[in-house]
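Okay, structure first, notes after.
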Amino acid sequence: MKGLAMLRIGEIGWIEKDKPDIGPRDALVKPLALAPCTSDIHTVWEGAIGDRHNLILGHEALGIVDEVGSEVKDFKPGDRVIVPAITPDWDSDAAQRGFPSQSGGPLGGWKFSNFKDGVFGEYFHVNLADANLAHLPEGMPLEAAVMIPDMLSTGFMGAENANIPMGGSVAVLGIGPVGLSAIAGAKLQGAGRIFAVGTRPKASEVAKKYGATDMISYKEGPTDEQILEATGGDGVDAVIIAGGGEDIILDAVRAAKPGSMISNANYFGSGETLPICREGWGFGMADKDFATGLCPGGRTRMEQLADIVTYGRMDPALMATHVFHGFDKTEEALLLMKEKPRDLIKPVVIIDENL
């Protein structure tokens, strides 16, 4: 089979590999729709998780089941499925303690394009198929559904972890697809005023449709100062970090009011340490807490998010600004994610709409 791989840090290319073998509880899946992620960019061009050689990239996919193991009960060849970006080992200690994304160690539920071949191949392996696949609802647009495996799950996690009080104020730092999903999630969580920090025109338009009430441009002055001014010096009840470099943490801490939660959904791909502003954090005593997490995966999560889309709570297809057709377009879509033109939110590759 053919796959688009990380050859080494800073270099990608198409390679040939054997189709993966599957175990009795696993599935072999062919891609139906794919979406490159900023994490792929961090992985290849920043070496964020270390050097990888000939590792097929990608972790956001819809698929068609090609083969299932002898113990798989709920899926069969030909089924159209949502494939979560995170496929935990559900019988692990971490899963039993309530942290399935960390099964096998920190970030261990992130298998695709981390320590096994990802979804940018003509076939890919899914562990524990009954627990890590979800049926794709009939009639759901592929451009919408392909946002579920990572963008919706990660962005909504940011809102869930933020402990937003009903009617509370929220600042979402970054309006890429994760930040936009966090805005939609914050609205669903009952937020009142939602500040969205970013300047990209198309993303700003979608942010307002998803529920942002105030747009903050970091080009017009320090983000935290603008939020504090807009809130009469109080700050916000919750902050969701959904993009930016390491200094974005300083903005988050300063914009948060005492008793708030700072929820991180951002992937910091470089550097050895991250800063906290001592005074803004009340010298460690301001009751400003941090929550972190890795995109929740698994079947139930995918089914719940699919219901949000099915029943019209939000339309993730608005984030699919660039749609390509054909598996061979995956490289072009990935490079577009790297270049990030101003009108881009998310590129999507549709393999075959008729399958």
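The values are calculated or read from the model by the stated rules, or taken from the named source; none is laboratory data. All values reported here derive from a predicted model rather than from experimental measurement. Note: ideal-geometry Cβ built from the backbone for every residue, glycine included; neighbour counts use all protein chains shown. Just the protein is used for accessible areas: all its heavy atoms, side chains included, with ligands, DNA and RNA removed. Shrake-Rupley method; radii C 1.70, N 1.55, O 1.52, S 1.80 Å.
Being over 17 Å from Glu60 (Cβ atoms) and open to solvent by less than 10 Å² (accessible area, probe 1.4 Å) is the requirement here; does Ser92 meet it?
Criteria not met by Ser92.
Are there any strands (runs of 3 or more DSSP E) wholly within segment 250-330 with 1 or more residues that are touching a residue at least 12 places away in the same chain (Cβ under 8 Å) and crowded, with 19+ Cβ neighbours inside 10 Å, and if so which?
Answer list for segment 250-330: 256-264, 320-325.
Being aliphatic (A, V, I, L, M) and within 16 Å of Ala35 (Cα to Cα): is that true of Leu133 here? Full working, then the answer.
On the way: aliphatic (A, V, I, L, M): yes; within 16 Å of Ala35 (Cα to Cα): no.
For Leu133, the condition - aliphatic (A, V, I, L, M) and within 16 Å of Ala35 (Cα to Cα) - is not met.
For the structure I just gave you, tell me whether Gly23 is surrounded by fewer than 17 Cβ atoms within 10 Å (Cβ to Cβ), modelled with pLDDT of 95 or more and small (Gly, Ala, Ser).
Working: surrounded by fewer than 17 Cβ atoms within 10 Å (Cβ to Cβ): yes; modelled with pLDDT of 95 or more: yes; small (Gly, Ala, Ser): yes.
Yes: the conditions hold for Gly23.
Looking for something closer than 23 Å to Glu160 by Cβ and in a helix (DSSP H, G or I) - is there at least one such residue anywhere in segment 225-243?
Looking through segment 225-243, at least one residue is closer than 23 Å to Glu160 by Cβ and in a helix (DSSP H, G or I).
For the structure I just gave you, tell me whether Asp343 is among the charged types (D, E, K, R), exposed (fewer than 13 other Cβ atoms within 10 Å of the Cβ), touching a residue at least 12 places away in the same chain (Cβ under 8 Å) and in contact with a His (Cβ under 9 Å, 6 or more places away or on another chain).
So Asp343 passes the test.
Only one residue in Ile82, Ile41, Ile86, Ile12 is surrounded by fewer than 22 Cβ atoms within 10 Å (Cβ to Cβ) and either touching a strand residue (DSSP E or B) at 6+ places or on another chain (Cβ under 7 Å) or in a loop (DSSP other than H, G, I, E, B) (or both), so which one is that?
Ile12
In segment 62-76, how many residues are in contact with a Phe, Trp or Tyr (Cβ under 7 Å, 6 or more places away or on another chain) and under 20 Å from Pro149 (Cα atoms)?
Total meeting the criteria: 2.
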